[in-house]
Amino acid sequence: MLRRTIASLKSSISLHITEEKDRICPKHIDSVITFVLGGPGSGKGTQCAKIVETFGFKHLSAGDLLRKEIVSDSEYGSMILDTIREGKIVPSEVTVKLILRELESGDNHKFLIDGFPRSEENRIAFEHITGSEPNFVLFFDCPEEEMVKRVLSRNQGRIDDNIDTIKKRLKVFESLNLPVIDYYAKKGKLHRINAVGTEDEIFEQVRPVFAACEKKATIT
Ligand SMILES: Nc1ncnc2c1ncn2[C@@H]1O[C@H](COP(=O)(O)OP(=O)(O)O)[C@@H](O)[C@H]1O
Ligand SMILES: Nc1ccn([C@H]2C[C@H](O)[C@@H](COP(=O)(O)OP(=O)(O)O)O2)c(=O)n1
Ligand SMILES: [Mg+2]
């Protein structure tokens, strides 16, 4: 059922999926889904690696999945490249499709979805297509000048890690991603993390969130 739906998403790029019949659930209804949010350079990827190591989650980075599409023969490659270079957000149907493919592969039921949703459009598309919501959401709260400093010294050869694109990405973060963060705060699902400090200091704020989640899973 899910594979068929992914196939139909591939062939149809218009996304107005609002009816119950169009919804699909991740393969494992007992999955733990965590969204990991924060501005560019706030440390999402760095902390996800620590969470994977300590708590055994599967890390899905929306940015990495999109970058893989650019270097593959994907029909969306050049559109994704142009969008990322401009610091804009790739249409949700493309990103959600890539995430769904990962949610459906392998046996791990605990997912960190890093850098997604980056807009209300992303959020709504995910909810409508999967019929599910995250169990909780991490927000790495970092001052702009620190984010700029980190991105400029990241040295991963990314086309969007230059000062012009960073300025655009920060504007997009403020206008499109902060409303999503607000949405989850109001739902009581947000864990705000102070993203300034050493990597280990920051992880000491992250650890109890996942430890509590593990404890809850043992009790229920
Ligand atoms: N707490 C920290 N202090 C200083 N630099 C950091 C910290 N956490 C991550 N970095 C560095 O900052 C850059 C951006 O981190 P990254 O995890 O890629 O952020 P994001 O995925 O949010 O863009 C990387 O070069 C990383 O090594
Ligand atoms: N949900 C997403 C995630 C990333 N993208 C695009 C736009 C982003 O600027 C780039 C890079 O995202 P990525 O999460 O790797 O960037 P940072 O780790 O925050 O620096 O990818 C997107 O269009 N939609
Ligand atoms: Mg990242």
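Brief remarks on what is shown
- Checking each residue in the range 140-164 for being part of a helix (DSSP H, G or I), touching a helix residue (DSSP H, G or I) at 6+ places or on another chain (Cβ under 9 Å) and under 23 Å from residue 113 (Cβ atoms) picks out 147, 151.
- Filter pass, residue 169 being touching a residue at least 12 places away in the same chain (Cβ under 8 Å), over 13 Å from residue 140 (Cα atoms) and under 19 Å from the mean Cα position of the chain (by Cα): yes
- Within the set 127, 121, the sole residue that is within 15 Å of ligand 2 (Cβ to nearest atom), touching a helix residue (DSSP H, G or I) at 6+ places or on another chain (Cβ under 7 Å) and charged (D, E, K, R) turns out to be 121.
- Note on the range 197-220: residues that are modelled with pLDDT of 95 or more, of a type in the set (Val, Ile, Thr) and surrounded by fewer than 14 Cβ atoms within 10 Å (Cβ to Cβ) total 1.
- Selected residue [polar (S, T, N, Q), closer than 20 Å to residue 42 by Cβ and surrounded by 15 or more Cβ atoms within 10 Å (Cβ to Cβ)] from 194, 155, 177, 135: 177
- Lone qualifier among 114, 107 - being at pLDDT 95 or above and within 30 Å of residue 212 (Cβ to Cβ): 114
- Considering residues of the range 72-121 that are within 24 Å of residue 39 (Cα to Cα) and among the acidic types (Asp, Glu) only, the residue farthest from ligand 1 (Cβ to nearest atom): 93
- Cβ pairs under 6 Å, 6+ apart, first in the range 188-206 and part of a loop (DSSP other than H, G, I, E, B), second away from ligand 2 (no atom under 16 Å from the Cβ) and modelled with pLDDT of 95 or more: 189/136
- Selection from the range 145-191 of residues that are away from ligand 3 (no atom under 16 Å from the Cβ) and aromatic (Phe, Trp, Tyr): 183, 184
- Test: residue in the range 119-136 that is aromatic (Phe, Trp, Tyr) and touching an Asp or Glu at 6+ places or on another chain (Cβ under 8 Å): no
- Within the range 159-210, the set of residues being of a type in the set (Lys, Arg) and away from ligand 2 (no atom under 13 Å from the Cβ) comprises 186, 187, 189, 192, 207.
The values are calculated or read from the model by the stated rules, or taken from the named source; none is laboratory data. Computed from a predicted structure; not experimentally measured. Positions of Cβ are generated from backbone atoms using ideal geometry, with glycine treated the same way; all protein chains shown enter the neighbour counts.
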